[in-house]
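A quick write-up on the structure given underneath.
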Amino acid sequence: MEFKAHIEKLVGAANWSKWKRQIELLLRHHDVHDVVCGDRECPRLPAEASAEAIAAYEKAQKAFIKDDSLAQLILVGNMDDSNAELTSVCNTAKSVWETLLSVYEQSSGQRLDRLMEKFFRSEKELEDDIANHIAKLQRNFSELNDELRHVAKTTLPDLLLMSRIMSTLPSEYFEFKSVWDRTDSTALVATRKKVFKKPERKCCVCRKPGHLAKDCWKKGSKPKVEGDAFVCTVEGVPESEVWIADSGASAHMTKHKNYFVDFTKFVSPKPVYVGNSDAIMAYGHGTVTIEIKVNCKWEKHHLTEVWYVPDISKNLFSISQTLKRGFKFQASKDECSLLRDGRVRLKGVRTVHGLYALEIHVLYPKVCVAAEVCVASAD
């Protein structure tokens, strides 16, 4: 049966997003999308090729040229005269596509930031039913991973999509949400059934009270979940000083001004939008000296471009900023890891609230840098 597709011609930025999706589907239908995006390239004749190799090369080259021509016909045939003129100097389907992307898409960094914000700030609209809402989140997540794959050669785990869906469900779906949460997270739920006090003897490993040597965190054991505590899984770090992995944060953030070894005020405060869409203010940025646990050893590092946000409730470690530096983020239902060059550089453990507490603690500077904030008095 003959296949026909009606696609509105590309006229400009107004219909670019819809046109791009339809064209990509049409290109895939004709098995030439890989030619356009560059995954399939024109074959090259190997040096000192045999007669059989030359014949195979000529056959493959002919097939590629045919597919490239088909892809160009699909692209150029579905754009208006101005866009056809814009791409008239392009001699391959890939160059036509790249020209359009350069005109209608933002730079990679800008687009990645926009997609991050779009996914992590998305909320259910009143007019959307639950199926449409989930479909939107899935589409946003897919676009974000496509861009991450292109820019940083990495992707976000599906667990984050599930977590985002659950966090945006309205109150009438609370029972459904609770059932879903319990299905895969039974071991992480804080229980109220029985709470046993640990013996008040000092540990012979770390010399701290409240646990025995066999349970000592310094030996690699994770603290047990009791009651409704946040569950700090980083040895010796108070709950208020735990660093949380946050894929939606545009920068590393802390409310502790005594962390900074250097500090620069912003010319004017910058807004930071939190989960309920309220804005809190960032007053400057600087460097924080930290230790990271790698292979059971604490290593000293410097965390740069940390924003000072007095009203934020937790220290936030920006995953998006780290991905831009070539790291890869992996997460499971129990833990997360940041990798670079195939090596684990930082790990974290999932808390009972579904957040990832990273194995980081801050080294306070000997001389505290004053991160003073001038607040006008209300008269």
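Looking at VAL267, VAL272, VAL261, which is the one that is surrounded by fewer than 13 Cβ atoms within 10 Å (Cβ to Cβ), of a type outside the set (S, T, N, Q) and modelled with pLDDT of 80 or more?
None of the other options fit; the residue is VAL267.
Can you name the condition, by its number, that LYS347 falls short on among (1) charged (D, E, K, R); (2) at pLDDT 85 or above; (3) exposed (fewer than 15 other Cβ atoms within 10 Å of the Cβ)?
(3)
So, restricting to strands (runs of 3 or more DSSP E) that lie completely within the stretch 298-353, which ones have at least 1 residues that are acidic (Asp, Glu)?
In the stretch 298-353, the matching strands (runs of 3 or more DSSP E) lie at 335-340.
Would you check if there is a residue in the stretch 122-131 being modelled with pLDDT under 80, surrounded by 12 or more Cβ atoms within 10 Å (Cβ to Cβ) and of a type in the set (A, V, I, L, M, F, W, C)?
Yes.
A quick yes/no check of all residues on (1) assigned to a helix (DSSP H, G or I); (2) surrounded by fewer than 12 Cβ atoms within 10 Å (Cβ to Cβ):
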| residue | (1), (2) |
| --- | --- |
| LYS20 | yes, no |
| ILE23 | yes, no |
| ASP31 | no, no |
| ASP39 | no, yes |
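The values are calculated or read from the model by the stated rules, or taken from the named source; none is laboratory data. Here the structure is a predicted model, which is why all the values come from computation and not from measurement. Heads up, the Cβs are rebuilt from the backbone with ideal geometry, glycines too, and the neighbour counts pull from every protein chain shown.
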